[in-house]
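Below are the C-alpha cells for one structure; questions will follow.
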Amino acid sequence: MEMNTRLQVEHPVSEMITQTDLVEWQLQVAAGNKLPKLQDDLKIHGWSFEARIYAENPQNQFLPDTGPLVHLATPEVTDTVRVETGVRQGDQVSVFYDPMIAKLVVHGPDRASALAKLGHALDQYQVVGLNTNIEFLKALAKHPEFVKANVETGFIAKYGQDLLVPIERPAPDAVMLAAVALLLGKESVAAADPVTANGPWGNLPSARLNHAREQAIELQYSEEVTAKVTAVHARDTVQVTVAVPGVEDVTYAIDAKSVRADAARDRAVFVDLGDRQVSATVVLEGDMVHVFANGTGVGRPHMGAVKHSFTVPEPAYLAESHAQDEGKGGNAVKTPMPCKISQVHVKPGDQVTKGQPLVVLEAMKMEHVMRSPVDGVIARVHYKVGDLVEENKLLLAFEEPAEEAAEKAKE
C-alpha cells in the first residue's frame with residue numbers, strides 16, 4: 001500500500017467545499033500545533049470544479065506544447081473563483097517541466113451553478129503563444145452528458161467527436177476585427193516614422209486623387225478556409241466587406257473615428273457599427289492575428305466566447321522558396337511538438353531503411369523516436385543534440401531518388 005503524504009493537485013476543490021486552508025494546516029502541523037478542526041467538525045458546502053489549463057494540443061493527441069506566453073488574461077479572482085498559477089504574461093513554458101499553466105477552481109451552491117461559473121470563467125481565459133486545452137475544456141463543460149453528470153473514465157473516447165470538433169469557419173465579426181487590428185497596426189507603424197508622419201500621406205492617410213483608397217487583406221483560418229477582406233476608405237467612414245467561404249458576405253459601415261485600441265484594457269479593440277458596438281481582444285503575433293470575441297462560428301455547438309486565429313499568408317515567391325526544403329516525395333521528417341534533440345543517429349550520406357530510428361526527441365520528460373518513412377540517403381541534418389526545436393520543423397532531408405533526378409535532367 002502506498003501512502004502519499006502530500007497535498008494532491010485537486011486539493012483546492014476540498015478547500016472550497018469545506019471552507020478550509022489545507023496548506024495552512026500543513027504549516028500548523030509542521031510547527032507542532034494541533035489541527036484546527038477534527039473530521040466531525042468538517043461540513044460540505046456546495047459544489048466545486050477544478051479545470052487544469054494545460055499547454056497541449058487536443059487536436060494532436062493532446063501532445064504537450066511549449067513557447068512564450070505572448071498574451072495571458074485570466075478570469076477575475078473572487079471568493080468563488082481561484083486561479084492558481086506560477087506564470088505571468090511574458091514567461092516561457094519550456095520542455096523541462098510539466099506543461100500545466102494554471103488550475104482554475106470555481107465554487108457554487110450546487111453542481112449546476114458551479115458548472116455554469118466554470119464555463120463563464122473559461123470564456124474569460126485567454127492565452128496566445130502556444131496551444132492550450134481551453135477550447136476543449138469549454139466544450140467539455142457544456143456537453144449535455146457532462147451537464148447531466150453522466151461521466152466515466154471513457155467519456156473523452158466516447159464523445160471525442162463532440163469535444164474535438166474545430167470551428168469550421170470564423171464568424172464574420174471576428175474576421176472584421178482582425179482586419180481592423182491589422183489596419184490599425186499598419187497606421188501606428190507609419191505614425192511612428194517621423195518621415196511618414198510629417199508628410200502628406202501621414203496626415204491624410206486615406207486621401208487619394210479621383211478615387212477612394214482601397215485595401216485588400218487575406219486571412220487564412222485553416223487549409224480549407226481563407227477569408228477575404230476589402231476595406232474602402234472615405235473621408236469619415238470605412239466600408240469593410242468580409243467574404244468567408246460557405247458564409248454569406250457581410251459589409252460593415254464603420255465610423256472611422258470610432259475605431260480605437262484601448263491601452264487601458266489589454267489589446268482591446270472597439271468598433272462602432274452604428275446600430276451596435278463591437279469589441280474584442282485582438283493580439284498580433286508575427287504573421288498571426290488572434291481574436292477573442294463572442295460570436296457564432298460555423299460547425300461547433302455550444303458556442304460562447306471563442307478564440308479565432310488567422311494567418312496572414314506569405315507572398316507566393318516566399319512560399320515557393322520555403323517549400324523547396326520540405327523533403328522529397330512527401331518524405332519530410334518533422335517535429336510533432338516543441339522538443340529538445342536528445343539523440344541524432346544519422347549524418348549526411350548515410351543510407352537508411354524504412355523504420356530505422358533517425359532522431360530521438362525529448363519533451364515533457366518523455367522520449368519520442370522519429371523513424372525513417374522510406375529507404376533513402378540522408379542529405380542534410382538540420383539540428384544537433386541539445387537544440388531546442390519548435391513544432392512542425394523539418395529535422396532532416398533526404399537526397400532526391402536517382403530516378404527522379406534523372407527524369408528532371410531530361411526535362
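Go through (1) exposed (fewer than 13 other Cβ atoms within 10 Å of the Cβ); (2) in contact (Cβ under 8 Å) with a residue 60 or more places away in the chain; (3) hydrophobic (A, V, I, L, M, F, W, C) for Leu38 and report which single condition fails.
Leu38 satisfies all of (1) exposed (fewer than 13 other Cβ atoms within 10 Å of the Cβ); (2) in contact (Cβ under 8 Å) with a residue 60 or more places away in the chain; (3) hydrophobic (A, V, I, L, M, F, W, C) except (2).
In addition: Among the residues of segment 248-261, what is the count of those that are assigned to a strand (DSSP E or B), in contact with an Asp or Glu (Cβ under 9 Å, 6 or more places away or on another chain) and under 13 Å from Val180 (Cβ atoms)?
Of the residues in segment 248-261, 3 are assigned to a strand (DSSP E or B), in contact with an Asp or Glu (Cβ under 9 Å, 6 or more places away or on another chain) and under 13 Å from Val180 (Cβ atoms).
Hey, another quick one. Here are Pro336, Pro313, Pro245: which of them is more than 28 Å from Tyr125 (Cβ to Cβ), modelled with pLDDT of 75 or more, under 22 Å from the mean Cα position of the chain (by Cα) and not in a strand (DSSP E or B)?
Pro313
Still on this structure: Starting from residues that are free of Cβ contacts under 8 Å to residues at least 60 places away in the same chain and in contact with a Pro (Cβ under 7 Å, 6 or more places away or on another chain), keep the ones in segment 61-89 and report whichever is surrounded by the fewest Cβ atoms within 10 Å (Cβ to Cβ).
Applying the filter and picking the extreme gives Val83.
Now for a different question. Confirm whether Ser258 is buried (at least 16 other Cβ atoms within 10 Å of the Cβ), farther than 27 Å from Lys138 by Cβ and at pLDDT below 85.
no
Please specify each residue of segment 90-129 satisfying the condition of being farther than 20 Å from Ser309 by Cα, touching a strand residue (DSSP E or B) at 6+ places or on another chain (Cβ under 7 Å) and either of a type in the set (Gly, Ala, Ser) or free of Cβ contacts under 8 Å to residues at least 24 places away in the same chain (or both).
Ala102, Gly108, Ala114, Ala121, listed by residue number.
Go through segment 15-109 and tell me which strands (runs of 3 or more DSSP E), entirely inside it, have 1 or more residues that are charged (D, E, K, R) and out of contact with any His (no Cβ under 8 Å at 6 or more places or on another chain).
Ranges flagged: 47-54, 81-85, 100-108.
Out of curiosity, is Gly329 closer than 30 Å to Leu396 by Cβ, modelled with pLDDT under 90 and loosely packed, with under 13 Cβ neighbours inside 10 Å?
The answer is yes for Gly329.
Could you look through segment 340-368, keep only residues that are charged (D, E, K, R) and either assigned by TED's automatic domain parsing to the domain that holds Leu63 or surrounded by 13 or more Cβ atoms within 10 Å (Cβ to Cβ) (or both), and pick out the one that is farthest from Glu391 (Cα to Cα)?
That would be Asp350.
From Phe146, Phe155, Phe136, grab the single residue that is touching a residue at least 40 places away in the same chain (Cβ under 8 Å) and farther than 25 Å from Asp21 by Cα.
Phe136 is the lone residue from the list that is touching a residue at least 40 places away in the same chain (Cβ under 8 Å) and farther than 25 Å from Asp21 by Cα.
Assess whether Val105 counts as being touching a Ser or Thr at 6+ places or on another chain (Cβ under 9 Å), closer than 30 Å to Glu362 by Cα, among the β-branched types (Val, Ile, Thr) and surrounded by 13 or more Cβ atoms within 10 Å (Cβ to Cβ).
No.
Here's a follow-up. Do the conditions hold for Ile167, that is, is it over 30 Å from Gln19 (Cα atoms) and either at pLDDT below 90 or not aliphatic (A, V, I, L, M) (or both)?
So Ile167 passes the test.
May I ask you to say which residue of Glu391, Glu362 is closer than 21 Å to Leu63 by Cα, part of a strand (DSSP E or B) and acidic (Asp, Glu)?
Step by step, each of Glu391, Glu362 is checked, and only Glu362 is closer than 21 Å to Leu63 by Cα, part of a strand (DSSP E or B) and acidic (Asp, Glu).
Conditions tested, residue by residue: (1) within 30 Å of Val70 (Cα to Cα); (2) of a type outside the set (A, V, I, L, M, F, W, C).
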position: Thr5; (1), (2): no, yes
position: Val9; (1), (2): yes, no
position: Pro12; (1), (2): yes, yes
position: Thr18; (1), (2): no, yes
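Please go through segment 110-125 and pick out each residue that is in contact with a Ser or Thr (Cβ under 9 Å, 6 or more places away or on another chain) and either at pLDDT 95 or above or part of a loop (DSSP other than H, G, I, E, B) (or both).
Hits for segment 110-125 are Ala114, Lys117, Ala121, Tyr125.
The values are calculated or read from the model by the stated rules, or taken from the named source; none is laboratory data. Only a predicted model underlies this, so the values are computations on that prediction, with no experimental measurement involved. When we count neighbours, we look across all protein chains shown, and the Cβ atoms used for this are built from the backbone with ideal geometry, even at glycine.
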